[in-house]
1. Which ranges mark the strands (runs of 3 or more DSSP E) fully within the stretch 275-347 that have 2 or more residues being in contact with a strand residue (DSSP E or B) (Cβ under 8 Å, 6 or more places away or on another chain) and free of Cβ contacts under 8 Å to residues at least 60 places away in the same chain?
2. Kindly establish whether V304 is hydrophobic (A, V, I, L, M, F, W, C), more than 24 Å from T163 (Cβ to Cβ) and surrounded by 14 or more Cβ atoms within 10 Å (Cβ to Cβ).
3. Would you check which residues across the stretch 251-286 are in contact with a Ser or Thr (Cβ under 6 Å, 6 or more places away or on another chain), of a type outside the set (A, V, I, L, M, F, W, C) and farther than 30 Å from L191 by Cα and list them?
4. With respect to the numbered conditions (1) loosely packed, with under 14 Cβ neighbours inside 10 Å; (2) outside the structural domain of P246 (by TED's automatic domain parsing), which one is the sole condition not fulfilled by A171?
5. Which condition breaks for A101 when tested against (1) closer than 26 Å to E189 by Cβ; (2) at pLDDT 85 or above?
6. Hey, can you tell me all the residues within the stretch 232-277 that are more than 26 Å from the chain's Cα centre (by Cα) and surrounded by fewer than 15 Cβ atoms within 10 Å (Cβ to Cβ)?
7. Of the conditions (1) without any contact (Cβ under 8 Å) to a residue 12 or more places away in the chain; (2) in contact with an Asp or Glu (Cβ under 9 Å, 6 or more places away or on another chain), T271 clears all except one; give me its number.
8. Scanning the stretch 176-195 for residues that are in a loop (DSSP other than H, G, I, E, B) and in contact with a strand residue (DSSP E or B) (Cβ under 8 Å, 6 or more places away or on another chain), which turns out modelled with the lowest pLDDT?
Amino acid sequence: MEIEAYAFADGEQYESQQIGSEDSIQHLFLQVLVKGKASLYSYRDNIGTDKYILIKDGAFTELEVKTFNTTTSKGTSALGTDHVFRRTFAKAFYDCGEVAAKTKKLAFNLKQFIDITKAYNLCAEPRQEVFVNQPKAPKFKIGLVAGTNFSFLTIKGGTSEVTTNHKYTSALNPVFGIAYGLNLNNINEKLSLKVSALFSQTSFDRDFRDGENKEFNPNLHASYSNLVQIDLSYLMVPLQVQYSFPAGEIRPFFNAGIVGGVALKQKQKHTRTRTYKEFTTEEINPVFNSFGKLTQGVTVGAGVAFHKIPKHPILFEGRFEFTDGFSSSQNIHTPLKTLYFTLGYQL
């Protein structure tokens, strides 16, 4: 006995259907999105792309967008878009003029597909019950994050030896915190909004002598050496939009967004040593006269989610962050580039 249909407790329904041409007929279980005089189905192909099928009077038609090469008025090549799905809906819904007219501005969007198919069924058969599988409501998730990062700091724009064109690289530093996620199923099940609160600690150390930079004359009677030490502790809050591939136990994802941070703690010290013949003197001052507590920037990342335990996936992520750093001076700039490698566990 072959299974013709099945359903889940949350309302999702699937039906066995034959799709394709005579030469390449496929027997697939399609998810029922709308069931009525006109029915709307979906399935995911073997590369993870969502496909939508409209069925009316026994005719199966895939809802498509096609691209083609074209030439602009200036004679340059361009890529054009043909919204074939609009004509498919208009032809199928011709007997309800008011609904067919709305297909001209239809977007390739699951919610709009469901809404217009439902509207047609209510117009064509107002007394007939219509099944509609609405997209799942957004779901809130929380997880723990831990890992490491290292940073590249540039100090430029100042007039002193320590604030003019110096570059620093930090060692590996610990990162840990909490991540919150919200699935945007009502827009696209592959999209989610993610915000994290991460504690990050970064240290920079560098020693150099006067005259290493071209702006300064090394031919001095006395020699000067400098030791710069900067220790920073930040609470960083990245806000990202994430795109995930939803099929399988191993699911790659990409994300991008903005990031803000506040300095919880900062230590900065410039130790300047003067040596002349057998005499040595040492002077200790802050690197910056003013220090900005707030930072902001952009972030982009990618990773893999392992769904061996479906409700508690483990996520590995690599992320790049670019912020404006910590200088509050209009002349001195401290751009900071940071690479994160984190492991997350969804609770």
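1. Per the criteria, 279-285, 294-306, 314-323.
2. yes
3. Hits for the stretch 251-286 are K265, T273, R274, T275, E282.
4. (2)
5. (1)
6. Within the stretch 232-277, the subset more than 26 Å from the chain's Cα centre (by Cα) is 232, 264-277.
Matches in the stretch 232-277: L264, K265, K267, K269, T271, T275, Y276, K277.
7. Unmet for T271, out of (1) without any contact (Cβ under 8 Å) to a residue 12 or more places away in the chain; (2) in contact with an Asp or Glu (Cβ under 9 Å, 6 or more places away or on another chain): (1).
8. Within the stretch 176-195, the match that is modelled with the lowest pLDDT is E189.
The values are calculated or read from the model by the stated rules, or taken from the named source; none is laboratory data. Keep in mind the model is a prediction, meaning the values are calculated, not measured. Every residue, glycine among them, receives a Cβ derived from its backbone with ideal geometry; neighbour counts consider all protein chains shown.
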